[in-house]
Amino acid sequence: MNTITIQDNFIDDKHYEELTSLHIEYNKVHWIGALAKPQNALHKLVLKTRPDIPSATDKLKPPYSYTGATAWYNIRPIHPQWHNDIDSYCTKNGITYTPQDKPPYTYLYYVKEPSKGGELQLETGDLIIPKLNRLVYFPCSLIHRVRMYTGNRVSIGIIWWFDIPSELYGVLGEKETKVLDRLWEIEDERKIIKKG
């Protein structure tokens with residue numbers, strides 16, 4: 001299942017204006033439960049990406065079994081690294097807590113496009129051009145990175161979870177919203193300290 005899907009003009013002008021004027025913690029991960037009432041434009045965006053009932057060939061659980069989604073802002077990666085989002089989200093102190101039912105897709109919504117570069121580079125060889133109001137989704141386990149760029153590239157990453165590791169995040173309910181730390185940044189810092 002190496003499907004890559006692109007949807008342009010994903011949200012309407014009013015929603016986009018609300019999203020770009022939102023004051024929120026940009027350096028955190030936002031948990032939005034599958035049944036949570038949307039509290040702002042980011043929550044509305046996340047709930048708009050909620051997967052539909054899959055076809056028989058997808059072999060995925062139906063949407064009502066998703067507990068919720070995580071969303072995070074990607075503003076400027078200092079050193080764009082190859083990674084997959086399962087390991088990024090589920091690793092702490094060098095130990096990976098892989099969920100029993102892995103999320104099927106990473107969703108990436110482009111809020112701002114850079115003046116040059118910034119393509120999403122996938123291990124498949126695909127290059128996705130960053131374009132304002134574009135939604136891209138691809139298998140969550142695919143290794144990827146953002147290519148170097150100039151200008152102001154802002155995207156929002158979203159992952160829908162069946163069971164996010166409680167060992168790392170505690171129990172997150174389908175009706176709640178919560179702000180969480182970015183474990184991958186803590187893990188990257190730990191690696192730097194360990195090397196030094």
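Given the pairs K48/K175; K48/K92; K92/K112, which span a C-alpha to C-alpha distance of over 24 angstrom in this model? Distance filter (> 24 Å) returns K48/K92; K92/K112. For L108, the solvent-accessible surface computed with a 1.4 Å probe is close to 10 Å², ligands and nucleic acids excluded.
Between the beta carbons of E176 and W82, assuming R0 = 22 Å, the FRET efficiency works out to 0.10 to the nearest 0.05.
Restricting segment 85-171 to trypsin sites (Lys or Arg not before Pro) that sit in a DSSP loop and have at most 16 other Cβ atoms within 10 Å of their own Cβ leaves K131, R147. Ordered from largest to smallest accessible area (heavy atoms of protein chains, 1.4 Å probe), the residues D126, D12 come out as D12, D126.
The values are calculated or read from the model by the stated rules, or taken from the named source; none is laboratory data. Since this is a predicted model, take the numbers as computed values, not measurements. With ideal geometry, Cβ positions are generated from the backbone for all residues, glycine too; neighbour counts draw on all protein chains shown. Keep in mind that these areas ignore ligands, DNA and RNA; they rest on the heavy atoms of the full protein, side chains included. Shrake-Rupley method; radii C 1.70, N 1.55, O 1.52, S 1.80 Å.
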